[in-house]
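This report refers to the structure that appears directly beneath it.
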Amino acid sequence: MATPSGSRLVVYAALVGNLCIAIAKFVAAGISGSSAMLSEGVHSLVDTTNEVLLLYGLHRADKKPDTAHPFGYGRELYFWSFIVALLVFAAGAGVSAYEGIQHIRHPEPATNHLLSYAVLGISFLFEGGSWWIALREFRATKGSLGYFEAFRRSKDPSTFTVLLEDSAALLGLGFAAMGLAAAQLLDMPVLDGVASLCIAGVLAVTAFLLARETKGLLVGEPAHPAVAQRILAVANTDPDLRTANGVTTMQMGPDQVVAMLSAEFEDDRTTPQIEACITRIERAVKGEYPELVALFIKPQTPEVFNARRAALAAPH
């Protein structure tokens, strides 16, 4: 799990870098008239806006639970991350595609190539630094999982969103440089517009990946399997419990989990003994997983629990 400070560091680094890069790209695009450079400027401006939204989502997710939201505000981050995905597609890919089509239909040779190359080089250094910080934080949390599997399982969209954005930005810079160079060397300004379409394609794929993952988190995903396994392990060692049937978890935010344990108590246990048992299990698990905001324990026979699980697994 990414630490809140680590997530914020990643987002702040990307915010500062993208803001500086966006200004430089727009200046270069205005002077040179390059379509690819303008698309890259829009790309960096969208990324800057995205970082602001992610920081707002992180701030809102930190709010303590209250009567209106008893399980906390963790899903605020998931909501704003989904908005980021929509912005990448609509503002980033859409504007880049429009600019590319316009430049292909009405090609005009770019000027001041040296300035454009210099801005692209500086942008590559800034984006590369931001990408490395995001990659370092992501690697610190993925454990032994592969990168794509860790991306699919991650519960903190702030880190993987910045990593994907920066990866897309580095690819976009590559397409912009190749399009600008090809248009200059071959005297075919239409290739500058083709580069914009390539950038739009990169952003569209990035937006699709982000939207798919954040949608899953927003709708509701189970917590990491280790949480459920540990709850079962702790419950099965308690003498007042006959058997722990299973655990259902729900990720409410990057560091907020709700769990429900189905368990069968010993028949001769009194109500105070059962309450003490529940308290022991909850205290032990929360000591290892502070992100567990609530643990509900439901008295249930294994037969009833297994029937319920079978009904959920049956095709609908």
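Could you report the accessible area of LEU186 in Å², rounded to 10, computed with a 1.4 Å probe on the protein chains as they sit in the structure?
Number for this one is 110 Å².
Highest mean first, how do 43-53, 58-68, 102-112 rank when packing is the count of other Cβ atoms within 10 Å averaged over residues?
The peptides rank, most packed first, as 43-53, 102-112, 58-68.
Counting only C-alpha contacts under 8 Å and six or more residues apart, can you give the relative contact order of the chain as a whole percent? Write out the running numbers ahead of the final one.
Working: 511 pairs, mean separation 64.5, N = 316.
About 20 percent, as a whole number.
For segment 171-316, what is the charge dipole size about the Cα centre, in debye to the nearest 20, if Lys and Arg each add +1 at the Cβ and Asp and Glu each add -1 at the Cβ?
It comes to approximately 160 debye.
Give me the distance in nm between label points sitting 7 Å out from Cα along the Cα-to-Cβ direction at SER144 and ILE23, one decimal.
4.8 nm
Could you tell me the center-to-center distance, by alpha carbons, between segment 295-316 and segment 21-64 in angstrom?
The two parts, judged by their Cα centres, are 48 Å apart.
With a cut-off of 8 Å between alpha carbons and a minimum separation of six or more residues, what is the relative contact order of segment 166-241 in percent?
RCO, segment 166-241: 24 percent.
Listed highest first by mean packing, meaning other Cβ atoms within 10 Å per residue, what order do 113-125, 298-310 come in? Write out the running numbers ahead of the final one.
Numbers: 113-125: 17.6, 298-310: 13.5.
Going by the mean number of other Cβ atoms within 10 Å, highest first, we get 113-125, 298-310.
Which entries in LYS63/LYS215; LYS142/LYS286; LYS25/LYS142; LYS63/LYS286; LYS25/LYS63; LYS64/LYS155 show an alpha-carbon gap greater than 26 Å?
Over 26 Å Cα-Cα: LYS25/LYS142; LYS25/LYS63.
Using 7 Å Cα-to-Cβ label points, what is the VAL16/LEU170 separation (nm, one decimal)?
2.0 nm
Multiplying the sequence separation of GLU275 and ALA314 by 0.36 nm and subtracting their Cα-Cα distance, what value in nm do you get? Could you put the intermediate results ahead of the total?
Numbers: separation 39, 0.36 × 39 = 14.04 nm, distance 3.42 nm.
Length gained between GLU275 and ALA314: 10.6 nm.
Relative to the Cα centre, what is the charge dipole magnitude of the chain, using +1 at the beta carbon of each Lys and Arg, -1 at the beta carbon of each Asp and Glu, and rounding to the nearest 20 debye? Mind showing how you got there, number by number?
On the way: 24 positive and 30 negative charges, 45 e Å.
Result for the chain is approximately 220 debye, rounded to the nearest 20.
Out of all DSSP beta bridges with both ends in the chain, state the antiparallel percent to the nearest 5.
Of the beta bridges lying entirely in the chain, close to 60 percent run antiparallel.
Can you pull the one-decimal nm distance between simple spin-label points at HIS69 and ARG242, each 7 Å off the Cα toward Cβ?
4.1 nm
Which residue, chosen from ILE278, LEU164, ALA181, occupies the Cα position most advanced towards the positive end of the dipole of the chain, where the dipole is computed from +1 (Lys, Arg) and -1 (Asp, Glu) charges on Cβ about the Cα centre?
The Cα lying farthest towards the positive end belongs to ILE278.
So what is the calculated 222 nm ellipticity per residue for the chain, using -39500 (n - 2.57) for each DSSP H run with n of 4 or more, over all residues, to the nearest 500 deg cm²/dmol?
-24000 deg cm²/dmol
Give the relative contact order (percent, whole number) for segment 75-166; include only Cα pairs under 8 Å separated by 6+ residues.
Numbers: 24 pairs, mean separation 38.3, N = 92.
Here the relative contact order equals 42 percent.
If amide H atoms are built 1.01 Å from N in the plane of the peptide, which residues on other chains or at least 5 residues away come under 5 Å of the amide H of ASP156?
Residues meeting the amide H criterion: none.
Taking each full run of DSSP H in the chain as one helix, which ones are at least 27 Å long along their axis (Cα atoms) and have mean Kyte-Doolittle hydropathy of at least 0.0?
4-32, 35-61, 113-142, 157-185, 190-219
Of CYS277, CYS198, CYS20, which has the largest mean-square fluctuation in a 10 Å C-alpha GNM of the chain?
Largest GNM mean-square fluctuation: CYS277.
The values are calculated or read from the model by the stated rules, or taken from the named source; none is laboratory data. In this text, all values refer to a predicted model and were calculated from it rather than measured experimentally. Counting neighbours? That spans all protein chains shown, and the Cβs are built from the backbone with ideal geometry, glycine included. Just so you know, the surface numbers come from the protein's heavy atoms only, side chains and all, with ligands and any DNA or RNA stripped out. Shrake-Rupley method; radii C 1.70, N 1.55, O 1.52, S 1.80 Å.
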